[in-house]
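The values are calculated or read from the model by the stated rules, or taken from the named source; none is laboratory data. Computed from a predicted model, the values in this text were never measured in an experiment. Quick reminder, even Gly has a Cβ in these numbers, built from the backbone with ideal geometry, and neighbours come from all protein chains shown. For the accessible areas, the whole protein counts, side chains as well, though only heavy atoms, and no ligand, DNA or RNA atoms are used. Shrake-Rupley method; radii C 1.70, N 1.55, O 1.52, S 1.80 Å.
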Amino acid sequence: MLSFNCRLQLAIALVLAVQSAKFATDNDEMFRPHGHGSPMNYHRAEQVSAPKVSTVSVAREMHKKEFQTPTRDYAIELTNHLNVQYSGRFTIGDQELPVIYDTGSFEVLVLSTLCSTCNRALQMYDNAQSPTFRDSSGVTAEHEFVSGKVTTHEAFEKLKLGLTDSPVMANGMTFWMVQKHDLKFWKTGNAIFSGIVGLSHVKRIPDGFSGDAMQDKSMLEEMALDVFSLCYQRRVAAHNAYPTGFLKFGPTVSAMSYNAGFQTVDVSGDSHWATRLSQFKVDLDGIDTSHMCKPSCGALIDSGTSLLTLPRSASHITEALKNKVASDCSNLDQLPNLYFELDGAEVVLPPRAYIFKVDDMMGKAQCKGAFMRVDKESQFGEVFILGMPFLRYYYTVFDRAQKKVHIARSTEDCQVAPLSLLAANATKASRLGLGEADFTEATEGSLEDAILPAWLSGEGKIHL
């Protein structure tokens, strides 16, 4: 077997041979979809030159399996906006921006000072102030979201998850700067985030979601980050602020799935954190769910979706639940739990997960059932999206290396629920790791500021 030095010298020689060869290109116009499943038209003003490959990057690729990152624990606190948006700090160059860390997206998109239609109250990335910025020679793209279009400019930067002290980073990483948009939440300033950072499990951006699938590594792959966790708190702080969440990674998170209390779910989706849903139940008089998800449905665990999202075939269930809710919130303890079976793992969500307390037009608080609908078919059947409500009740560890998701019932302050709380001799609520508030209180927030996947609108098929 060749030594590492010999293999490195051979690899470097091959790279130099490739760099010395003529890089032939055609004057073509390319089109590619992008971001959370939405179509994206891709254009470039001039041909992009051949990418330079350094001997350092070759050594890193060959040494990848021996190099693990991060070597220390790190946590990003996620600010909660009305229980429908969670944003954390993200460093691009040396500039920190609030972003949504989205397990349903693939790439990085940020507001920039190039934007002609952006609300200047929001933070923006300024490429003119970054010495590590590198342009793409005029590559632009148009992204289709449910609420409008976004035009972006491709570039390359040093990216870090979290603040400048983060142990996880990637140099020269592709990202997209917003030039203009017509999205309501960014125009009105109701958003607390200035970008979307994709946390998909893929090693390379899927074919059809980026330019050259042979070259475009995902951000997490380039950072060599295989395991991370998400959890959103339910406990309201003493000063009535909305409870925060956490994105964590490091040795402790990587070892958590071996702890008692976790259930493991296989990730069946090729591109998304998706698994097979074999059963969906709700204990509601006159509602039969035995025919649903036979033989299966597809379920996405998506941190970029504000509400529980169910297929058209479940519309009669969501309507029945909405009609059963007393607007004065007086009967929450009479509402049923929702049961999901994900690849053999049972998930139980109480009424508080799907009932929101919102203000009506007169400013009076009222309770409402909060659901969204998706009219898509996947390779596993109809699609369910377990969004932010799921992450408020389950501590979730995402494992890219093993293509698995590990879930454990969480406490109100985002700890893994102890086994003593789940013991058979505990009360029924305690056995589910739940408290009285989960059956008597609604989630306070604003449905108007809810966010949803770009691909959610319309009918058709989606490959998860």
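The tail of the calculated P(r) for the range 219-356, taken as Cα-Cα distances beyond 19 Å, holds 64 percent of the pairs.
Could you check how many percent of all C-alpha pairs in the range 275-428 are farther apart than 26 Å? It works out to 29 percent of all Cα pairs. Cβ under 11 Å from Q402's Cβ, Q402 left aside: what net charge do those residues give with Lys, Arg +1 and Asp, Glu -1? So the surrounding residues net to 0. Quarter the surface of the alpha carbon convex hull of the range 108-234 and you get the mean projected area, 9.2 square nanometres. In this view, the solvent-accessible surface of I287, computed with a 1.4 Å probe and all protein chains in place, comes to about 40 Å². Residues T71, T289, sorted by accessible area with the largest first, give T71, T289 [1.4 Å probe; ligands and nucleic acids excluded].
The smallest convex shape that holds all Cα atoms of the range 348-387, its convex hull, gives 83 Å³ per residue. Peptides 99-111, 123-135 ranked from most to least packed, by the mean per-residue count of other Cβ atoms within 10 Å: 99-111, 123-135.
Count the net charge of all other residues whose Cβ sits under 13 Å from the Cβ of S306, scoring Lys and Arg as +1 and Asp and Glu as -1. Overall, the nearby charge balance is -3. Here the range 283-335 has 44 percent of its accessible surface on carbon and sulfur atoms, given a 1.4 Å probe and all protein chains in place.
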